[in-house]
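The block underneath contains the structure these notes are about, expressed in structure tokens.
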Amino acid sequence: MPEIRFFPKFVNVKNVRNFQAMIEALMMSAGEGRLAAVIGPAGRGKTRTAQWYAANNRCAFVRCLSIWRGSELGFLQALGRELGVKKVAHRKDPAFLAVMDALNAQGGRPVFIEEIEKLPRLHLELVRDLSDLSAAPFVLVGEDELQSHMQQVTRIWNRTFQLLEFEALGVGDVVMFAREAAGLDLPTDVAELLHGQAGGCFRVIKRDLISLVNIMNARGKSEPDLGMVKVAIKQSLRG
Ligand SMILES: Nc1ncnc2c1ncn2[C@@H]1O[C@H](COP(=O)(O)OP(=O)(O)OP(=O)(O)O)[C@@H](O)[C@H]1O
Ligand SMILES: [Mg+2]
């Protein structure tokens, strides 16, 4: 029996389709500073989806670091690097101007900023200024706290044109993921059990599916059944 292989493929699940529709809607209001927020509990695929979109559309993607708490310079330098700024500025003003020039040169592509809710509000205000002055759309990606962080700054919330919440994964998403990542056609009971145990979390589904593939290979089976899924779930929870 040929071995079943798992590939960490990117799959076009419902949240991904919603994400693409949201970006399209955001782009329709070109010409003014505007923001979007993507929120949702851990493990639902927010980061992977934003990175996938950014990589395929040559967009900047910056994940905020806690060490930038004390100053906006590190944030501006990282954003500049992502936007292709060659010369690193060591003071805030020139770093800001370099980012502005790069934003103006890149023709309105969205910029993705992740986990800005970990930083003080000053960083959010900076994003607002950059977006206002360059008219580039910024998409902020984070956990649910991101929304209240943005709402605390009226002039940020006022410019937020789109809010997308990543939903719990559906059974259809699980079936699609198993087919595309492992070439497995899951029977309905197996898909429902995997789905029911994961609480909508992509990370858990992925872990369980990898365990299931390992068990099937160890037992030389080409069709998964409920018994194997139960073992897989137990194993990956322990691991
Ligand atoms: N569309 C997808 N296709 C394939 N794998 C995916 C997809 N979306 C997410 N994953 C996988 O699911 C896991 C969790 O995704 P990700 O880290 O993007 O979640 P998150 O919502 O950003 O979570 P956190 O809030 O913990 O940062 C990762 O292993 C990722 O590779
Ligand atoms: Mg993430």
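Hey, among LEU122, LEU103, LEU97, which residue is away from ligand 2 (no atom under 16 Å from the Cβ), aliphatic (A, V, I, L, M) and touching an Asp or Glu at 6+ places or on another chain (Cβ under 7 Å)? Going through LEU122, LEU103, LEU97 in turn, just one is away from ligand 2 (no atom under 16 Å from the Cβ), aliphatic (A, V, I, L, M) and touching an Asp or Glu at 6+ places or on another chain (Cβ under 7 Å): LEU122. When LYS221 is tested against (1) exposed (fewer than 15 other Cβ atoms within 10 Å of the Cβ); (2) of a type in the set (Lys, Arg); (3) in a helix (DSSP H, G or I); (4) not assigned by TED's automatic domain parsing to the domain that holds PHE96, just one condition goes unmet, and that condition is (3).
For the stretch 144-171, a residue qualifies if it is among the hydrophobic types (A, V, I, L, M, F, W, C) and not in a loop (DSSP other than H, G, I, E, B), and the qualifying residues are LEU146, MET150, ILE156, TRP157, PHE161, LEU163, LEU164, VAL171. When VAL16, VAL62, VAL111 are checked against the criterion of being at pLDDT 95 or above, under 19 Å from the mean Cα position of the chain (by Cα) and not assigned by TED's automatic domain parsing to the domain that holds ILE156, a single residue qualifies: VAL16. Residues considered: LEU226, LEU140, LEU163. Of these, the only one that is surrounded by fewer than 18 Cβ atoms within 10 Å (Cβ to Cβ) and within 18 Å of the chain's Cα centre (by Cα) is LEU163.
Count of the stretch 179-211 residues, restricted to those that are over 16 Å from LYS230 (Cβ atoms) and surrounded by 15 or more Cβ atoms within 10 Å (Cβ to Cβ), is 8.
Looking only at residues in the stretch 82-113 that are out of contact with any Phe, Trp or Tyr (no Cβ under 7 Å at 6 or more places or on another chain) and acidic (Asp, Glu), the one that is nearest to VAL141 (Cα to Cα) is ASP101. Apart from one condition, THR154 fits all of (1) without any contact (Cβ under 8 Å) to a residue 24 or more places away in the chain; (2) in contact with a Leu (Cβ under 6 Å, 6 or more places away or on another chain); the exception is (2).
Does LEU130 fit the bill of being part of a helix (DSSP H, G or I) and within 22 Å of TRP52 (Cα to Cα)? Judged against the criteria, LEU130 is not a match.
The values are calculated or read from the model by the stated rules, or taken from the named source; none is laboratory data. Model, not experiment: these values are computed from the prediction. Counting neighbours? That spans all protein chains shown, and the Cβs are built from the backbone with ideal geometry, glycine included.
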